[in-house]
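Written out below as structure tokens is the structure these notes cover.
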Amino acid sequence: MKPRLYLALIIIPLGLILAAVPANTTHPYKLSPQDLLEYVNSGMQYFSPDEVAHMLVSKDPSLVLIDVRSEDEYEKFHLPGAINIPLSSMLEDQWKDYINQDLRYNVFYSNGTVNANQAWMLTRQLGYQNNYVLQGGLNYWVETIMNPTAPPSTSPDEEIAKYDFRKGAGQALGGGAVVESSSQPAPALPKIAPRPKKKRVEGGC
Amino acid sequence: MGPLIINDIITQNTNFFLAFLIGIGFGFVLESSGFSSSRKLAGMFYGYDTVVLKVFFTAAIVAMLGLLFMSLFNWIDLDMVYVNPTYLWSTIIGGAIMGAGFITGGFCPGTSFCGASIGKIDAMFFIGGMFLGIIIFAEAYPLLEPFYKGSFKGTPTLPHALGLKDGVVVLGIIIVAMGMFWVGEWAEKKFPREEY
């Protein structure tokens, strides 16, 4: 009986200590500035307008466009299917399931790239995966997809093909009249239960 | 600092190596404490030997205390620790099937490999049955999938469900476990078995 008594005498006070102290809610995980700089320099966080246009035209369900501008700006114009998460309210609980998930590609965009990059840095700092930034923002989008400039006829075939794709995609995505406001609200995404990043086989007994 | 892998403190390969060492240690201790005997394991269901209950609850308590203290010292971020997602009905039915296999076969999956490694024939048959079950499940998966993935509950935890602090729940579980150990020892005296 003795060793069991000792065991209980150790374990129960430890439990009492845990019950008494406040829970630790700080998150020691932090992206080191070095890592972040490396990541930013590599430009891996960018989705080019062509990639996004291609996914939009082919109705790729893994793409989620997130407009980080204010609600007013979003109402005026937004990319087809985009949802609006203003940068100022990004950390609210209601958006957590959208920005912390491992099923889809979230692509942030704003007019330029500054706000979208800020949003990306936030999610990066929080350790969330699968968040990206639309390269060049809406301005560049309008320039390349909505109103592409024809390359000179002496250009290589790839340039011409790119132009043709952009022209087609621009038309399909409501090009020409750029400031056309689409009044229909963005489709609500089904709620995704957040899943942890790494899945490993767990041991039973 | 932790979890070690997610924060890239150790690589995936180091992780596998550590898991390999820990696995060998785990199997060794299981075998040396008699867990390769199906009679000892089945004793849990008849009440003459409740070592299974005691061992696994002690392991759970030690792990809980360890994790919470490490979280307190900022050694690990509990939000990043993997929590098994809960699919309610498949968990209940799966648990029942596992229990039925446990009591008829006399092993649970881990201990069957312990038994097989010291040459127990019944453990080898148990492993064969396990693979048969895996094959049947895999082949019937299209039929079972809606059930298997149904009633998804996310990753609920006891403190969350009860609205209590982690530490309070841990203390509660320790007290409950101590009570169960006491009942277990009482059952061992009540339903003794001479040789098994």
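Throughout, read-outs are computed from the coordinates displayed, never taken from laboratory work. Because the structure is a prediction, the values reported are computed rather than measured. Glycine gets a Cβ as well: all are built from the backbone with ideal geometry, and neighbour counts include every protein chain shown.
A few comments on the model shown:
- Annotation: amide H-H contacts under 5 Å for residue A:133 (H modelled 1.01 Å from N, sequence separation of 5 or more, or interchain): A:46, A:47, A:108.
- Gyration tensor over the Cα atoms of the protein assembly as shown: the corresponding equivalent ellipsoid has semi-axes (square roots of 5 times the eigenvalues, largest first) of 55, 25, 19 Å.
- Likely footprinting exposure, B:16, B:152, B:69, B:35, fewest C-beta neighbours within 10 Å first: B:16, B:152, B:69, B:35
- The 3J(HN,Hα) values that the Karplus relation (6.51, -1.76, 1.60; θ = phi - 60°) gives for region A:96-111 are, in residue order, 4, 5, 7, 8, 10, 8, 10, 10, 10, 9, 8, 10, 7, 9, 9, 5 Hz. Gly and Pro appear as x.
- Karplus-derived 3J(HN,Hα) values for region B:165-177, using 6.51 cos²θ - 1.76 cosθ + 1.60 with θ = phi - 60°, are 6, 3, x, 5, 5, 4, 4, x, 5, 4, 5, 4, 5 Hz; glycine and proline are entered as x.
- Per-residue HN-Hα couplings for region A:116-126 [Karplus 6.51, -1.76, 1.60; θ = phi - 60°; Hz; x = Gly/Pro]: 5, 5, 5, 4, 4, 5, 4, 5, 5, 5, 6
- Each pair of Cα atoms in region A:33-172 enters the Kirkwood radius, and Stokes-Einstein at 37 °C and 0.692 mPa s then converts it into a translational diffusion coefficient of 208 µm²/s.
- Each principal axis of the Cα cloud of region B:99-196 was taken in turn, and the coordinate range along them, longest first, works out to 48, 43, 22 Å.
- Global geometry of region A:71-153, whether rounded, prolate or oblate, following the gyration tensor of its Cα atoms and the 1.5 cut on a/c: prolate
- Rounded, prolate or oblate (a/c below 1.5 giving rounded, otherwise prolate when a/b exceeds b/c) for chain B by Cα gyration tensor: rounded
- For residue A:65, nonlocal amide neighbours, meaning residues 5 or more places apart or on other chains whose placed amide H falls under 5 Å from its own, are A:83, A:107.
- Residue A:102 long-range amide H proximity, modeled H, under 5 Å: A:195
- Each of residue B:158 and residue B:91 was given a label point 7 Å from its Cα along the Cα-to-Cβ line. The distance between the two points is 1.3 nm.
- Exceeding the 19 Å Cα-Cα cut-off - candidates B:40/B:120; B:54/B:153; A:2/B:54; B:40/B:190; A:76/A:96: B:54/B:153; A:76/A:96
- Computed FRET value (nearest 0.05) for residue B:26 with residue A:39, which takes r as the C-beta separation and R₀ as 51 Å: 0.85
- Percentage relative contact order, chain B, counting C-alpha pairs under 8 Å, at least six apart: 32
- From least to most packed, judged by other beta carbons within 10 angstrom and beginning with the fewest, B:75, B:182, A:141 follow the order B:182, B:75, A:141.
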